[in-house]
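Structure, as structure tokens:
The values are calculated or read from the model by the stated rules, or taken from the named source; none is laboratory data. Note that the structure is a prediction, hence the values are computed from the model and not measured. For neighbour counting, all protein chains shown are included, and Cβ atoms are generated from backbone atoms with ideal geometry for every residue, glycine included. Quick note on the areas: whole protein, heavy atoms, side chains included, nothing else; ligands and nucleic acids left out. Shrake-Rupley method; radii C 1.70, N 1.55, O 1.52, S 1.80 Å.
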Amino acid sequence: MSVSNPMPNSIPFLDLVTPHIELEQELTEVFQKALRTAGFIGGPMVEEFEKAFAVFCGTPHSIAVSSGTDALRFAIMACGVESGDVVVTVPHTFIATTEAISQAGALPEFVDIDERTYNMSAEKLEEFLGQCKRDKSGKLISSRSGRPVTAVVPVHLYGQMADMDPILRLAEKYGLIVIEDACQAHGAEYFSRKLNRWMKAGSMGRAAAFSFYPGKNLGACGEAGAVTTNDATLAEKIKVLRDHGQAKKYYHDVEGYNGRLDAIQAGLLHAKLSHLAKWNTQRRERAAEYNRLFAAAEEAVLPPFEPSWSRAVYHLYVVRTDDREGMMNHLKRAGIGTGIHYPIPLHLQKAYAALNYHRGDFPVAEKAAAEIVSLPMFPQLKAEQQARVAEEILSFTSGPVRQHVQGASLAATTERTA
Ligand SMILES: Cc1ncc(COP(=O)(O)O)c(C=O)c1O
């Protein structure tokens, strides 16, 4: 993940260097501590981070693992999803969501997203579940695959939670497990109309998965992830799964995985966790500033939508435009980094050709994938940099520049941040 940018006045899509320089001393001390104790795998540094992250998420348990993908896979397995079961999710997400479902032995099936929040549409989920049948034993059966439907994975994309109340209500009605993919939503909040209070991402489903990939709101200096849950038995199962199926050394109750978190990463994450609330506030301020700058140009650039029940943490700031290629090219020439999260919905990916979905199956996700652009977004982004991003975008959308760049080849920033 490169963050250097050769053009003067260039604005990176993501700056990962500045926060690490700011925290250099704290982070270096973590390395020294690990070197001096040689406690590299598990141990107190991991346990202390797990406790602190659980507190941050408002859950009694957090289990640190080696990646967000493993977190989701272990959560799905530990929740009791069985081989051949259907797990319902969205096509507008990073492929890790469905990789985790498949790697747990289950089959992903999709429902479309809401066109304003880009998250799972509860109406589409209801429609999908309404088309399922019950078999003789009362199991809910997918009309698409004929397999039992046992779980739903809503994804809290871009740092905004999915509309969890109706999703949880449907899950209860149909007897489904809900596992949150909170990999992009550390600290995001949702006002539950049912519970009449704000809830943190990761605290509403049976379990939730977080990624600490470096570009995330809370990022490690390498790979890392965590599961959160309110359920102590589930937490124990996940601990066993991440450690070769053993609760006691060399006594293997099940076949598990090597999915533990390094102590150094846990220590680094713990040090950074104390800054996360401040960084999230800064991201929200940056988002509000972009919204203000784009307010007069909503016809040409549609800013993100944050419903009144959401406090998003803007892992990504994603706008929509009808000439994405032209806009990205224009910004690239101006030295401004952008990204697309994600250009091809999962049901149209080659990897999922065997699922036999077709173009047109999820029109909202398909249209979004063709029009979205992620703009520079990180806590240290400066107001003057945002002003320049907006100025370039507005000059492109309103003027002759647009004709000039139309047809130029797209060479966008393609760094993976999410
Ligand atoms: C929505 C989503 N799910 C799952 C993952 C997987 O996390 P990781 O890369 O840590 O395995 C990511 C992050 O990359 C993600 O953005």
Check your understanding: Can you list, bin by bin at 5 Å, the percent of alpha carbon pairs in segment 156-250, starting at 0?
Key -> 3, 13, 19, 21, 19, 13, 8, 4, 1, 0
Review point. In the chain, what percent of the accessible surface is made up of carbon and sulfur (1.4 Å probe, ligands and nucleic acids excluded)?
Key: 51 percent
Point to revise | Given Lys139/Lys200; Lys133/Lys173; Lys124/Lys216, the pairs whose alpha carbons are separated by over 20 Å | key: Lys139/Lys200; Lys124/Lys216
Review point. Which of rounded, prolate, oblate describes segment 1-135, given a ≥ b ≥ c as roots of the alpha-carbon gyration tensor eigenvalues and a/c under 1.5 marking rounded, otherwise prolate only if a/b is larger than b/c?
Key: oblate
**Study point:** Solvent accessible area, Å² - His20, 1.4 Å probe, full protein context
**Key:** 50 Å²
Point to revise | Listed residues Cys221, Thr59, Met328: farthest to the positive end of the dipole of the chain (Cβ charges) | key: Thr59
Review point. Any idea of Phe31's accessible area? Nearest 10 Å², probe 1.4 Å.
Key: 90 Å²
Practice item. Find the Cα radius of gyration of the chain, compare it with 2.2 N^0.38 Å by division, and give the number to two decimals. Key: 0.99
Review point. Between Gly225 and residues 5 or more places away or on another chain, which pairs have amide H atoms under 5 Å apart, with H built 1.01 Å from N, and which residues are they?
Key: Val65, Ser66, Ser67, Phe212
Check your understanding: At what distance in nm do the modelled label points of Glu384 and Ser137 sit from each other, each positioned 7 Å from its Cα along Cα→Cβ?
Key -> 6.7 nm
Review point. Among the helices of the chain (complete DSSP H runs), which have Cα atoms covering no less than 27 Å along the helix axis and a Kyte-Doolittle mean of at least -1.0?
Key: 263-294
Check your understanding: Tally Lys and Arg at +1 and Asp and Glu at -1 over the other residues with C-beta under 12 Å from the C-beta of Tyr118: what net charge comes out?
Key -> -3
Study note, to complete from the structure: The correct ranking of Asp181, Asp262, Asp243 by accessible area at 1.4 Å, largest first, is Asp262, Asp243, Asp181
